[in-house]
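Working notes, structure below.
The values are calculated or read from the model by the stated rules, or taken from the named source; none is laboratory data. Since this is a predicted model, take the numbers as computed values, not measurements. Please note: Cβ atoms are built from the backbone with ideal geometry, for glycine as well, and neighbour counts cover all protein chains shown. Calculation scope for accessible area: heavy atoms of the full protein, side chains included, ligands and nucleic acids excluded. Shrake-Rupley method; radii C 1.70, N 1.55, O 1.52, S 1.80 Å.
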Protein chains: 2
Amino acid sequence: MGRWKREVLVIIILYLLISTMGVTEGKKGRRNINRKRHSAVSRALEIINGTSNSDAYCLSWRMAVEANNMRGWRTIPIQCWRHVQGYMVGGQYSRDISLIIDQIYAYLDTVSPFADSLDAWIFDVDDTCLSNLFYYQARRFGCDPYNPMEFKIWASKGESLAIPAVLEIFYRLIEVGFKVMLLTGRDEETLGEATVENLVNQGFVGYERLIMRSPEYRGLSAMMYKSEIRRQLMEQGYRVWGNVGDQWSDLQGNYTGDRTFKLPNPMYFVP
Amino acid sequence: MGRWKREVLVIIILYLLISTMGVTEGKKGRRNINRKRHSAVSRALEIINGTSNSDAYCLSWRMAVEANNMRGWRTIPIQCWRHVQGYMVGGQYSRDISLIIDQIYAYLDTVSPFADSLDAWIFDVDDTCLSNLFYYQARRFGCDPYNPMEFKIWASKGESLAIPAVLEIFYRLIEVGFKVMLLTGRDEETLGEATVENLVNQGFVGYERLIMRSPEYRGLSAMMYKSEIRRQLMEQGYRVWGNVGDQWSDLQGNYTGDRTFKLPNPMYFVP
């Protein structure tokens, strides 16, 4: 673009700017303009700071969730709907996961497994291996309260997609000799078949065991149930080198493993 | 401001804009301008998206730190210097803390302490009660590696400022009858006096005990040392209802307390 064209463009912008200023000018216009200018200035400042008030709050909220400061919540704050949407589908969620998976690779470089077929890794399933993003997209990313029946219908379809970076490290771990255990609170009787199918159709093959909640563990909290299963694995001689989940209840309790890795999940909380 | 004054102002801005555009115009100017325009456009897009590539990475990094996925790091990534600076001094750090303190208030509403003088709360000191922000500001917010001698000199001055929201909950806890224990890895012999003074000059008065690292615990990791002290408190009959710190090593290990609260700290890592 030539220099004079740019200048013409700037003059047009100037003209539009001045006419916009004039539009609301009238008898009572002054206050309106001041208000408008104020809100434009504060919006500009928000954009420059990268945060609107609501985004700033939702970022704090998300951070508090990930650091396990926020517990027992049933829905995300309604004002965070769009923020969580932006986070989940705008790229940052994937970036966050990639950086965590990088930490797993870095950790792997520092350990020396015994290679006696008892070196184990544990992965949670929902939103660790398989993403329920499509399901939560239709539930305002967690603004709607959890509905167990609806979720069961969704999970029965076996249409959850693999989380790519997790699938990659899953293969790597099997390749270097770890026994990968998939440990999920999903009900074995009603969701067993669909879960196995979904894992296969997303490429999760070669794991050692898929451990689902059998009738005797119904009613136990995820943390209690998973602690008990890990205790049994320990008893069978397994050493849990790593434990990966999107919920703190996957990673806390007893026998949590040598290292835990918390994947992000701002959409729901499992106690 | 009158309408004509605004118009004059806009014309001046226009003039400045055009002259700036002209400055780099010359024989080889075209490429410079294109580059400038490109970088201005991408910067604008970054601002609109709220993230530059570097900001997106640093946000992932900060999230990984807070979720305890990133361990044993000695300095923050150099490209995150400005991001961490913006976070620490731009308001979001304070907002994050406030939301966590809100969770403490909410938790307090749900508990029924025994009121037998054995209901305890534990607070860490550095960057939990007292902020070392001024110190780290001069060390590029954690880009420079930790220097124990330098830090000791800083801490000896007793010039750290209270973190206001923490001071507030500190008073509230004492008011409702908790015995507040301050538990710090600071060396008792060399920093005892300065720490007591600093706490007093920042308003931290009325706590039950300040427990500093005595010679017998030198060399222990923060996690081991603090677990051992908490074990002793348990033995003395105390029930730890809450445990607040900026490091995961304050909150992990044994006898961690009924609830833990992780305050943000993207500037340094204590094992």
Any residue at all in region B:96-114 that is among the hydroxyl-bearing types (Ser, Thr, Tyr), under 22 Å from B:Trp248 (Cα atoms) and in contact with a helix residue (DSSP H, G or I) (Cβ under 6 Å, 6 or more places away or on another chain)?
yes
Kindly list the number of the only condition in (1) assigned to a loop (DSSP other than H, G, I, E, B); (2) surrounded by fewer than 20 Cβ atoms within 10 Å (Cβ to Cβ) that fails for B:Tyr268.
(2)
Going through region B:250-265 one residue at a time, which ones are more than 12 Å from chain A (Cβ to nearest Cβ) and either surrounded by 23 or more Cβ atoms within 10 Å (Cβ to Cβ) or in a helix (DSSP H, G or I) (or both)?
B:Asp250
If we take region A:91-205, then helices (runs of 4 or more DSSP H) inside it with 3 or more residues that are touching a Ser or Thr at 6+ places or on another chain (Cβ under 6 Å) and modelled with pLDDT of 95 or more are A:92-108, A:188-201
Could you tell me whether A:Ser60 is modelled with pLDDT under 95, among the hydroxyl-bearing types (Ser, Thr, Tyr) and either farther than 30 Å from B:Gly242 by Cα or in the same structural domain as A:Glu189 (by TED's automatic domain parsing) (or both)?
no
On the given criteria, is B:Arg239 of a type outside the set (S, T, N, Q), open to solvent by less than 10 Å² (accessible area, probe 1.4 Å) and either in contact with a strand residue (DSSP E or B) (Cβ under 6 Å, 6 or more places away or on another chain) or under 22 Å from A:Asn68 (Cβ atoms) (or both)?
no
For region B:88-103, give me each residue that is open to solvent by less than 60 Å² (accessible area, probe 1.4 Å), of a type outside the set (Val, Ile, Thr) and under 13 Å from A:Met63 (Cβ atoms).
B:Gln92, B:Tyr93, B:Asp96, B:Ser98, B:Leu99, B:Gln103
Residue count for region A:174-186, restricted to those that are open to solvent by less than 20 Å² (accessible area, probe 1.4 Å) and either under 15 Å from A:Asp124 (Cα atoms) or of a type in the set (S, T, N, Q) (or both):
6
Looking for something on the phi > 0 side of the Ramachandran plot, more than 14 Å from chain A (Cβ to nearest Cβ) and surrounded by fewer than 21 Cβ atoms within 10 Å (Cβ to Cβ) - is there at least one such residue anywhere in region B:195-209?
yes
Matching option when the condition is among the small types (Gly, Ala, Ser), open to solvent by 10 Å² or more (accessible area, probe 1.4 Å) and away from chain A (no Cβ under 13 Å), among B:Ala106, B:Ala115
B:Ala115
Pair list, Cβ under 7 Å, 6 or more apart: region A:195-220 residue over 16 Å from A:Leu183 (Cβ atoms), other residue in a helix (DSSP H, G or I) and of a type in the set (Asp, Glu)
A:Pro215/A:Glu189
Answer yes or no: is there a residue in region A:211-219 that is assigned to a loop (DSSP other than H, G, I, E, B) and among the basic types (Lys, Arg).
yes
Looking at region B:16-39, can you tell me whether even one residue there is modelled with pLDDT of 55 or more, assigned to a helix (DSSP H, G or I) and within 9 Å of chain A (Cβ to nearest Cβ)?
no
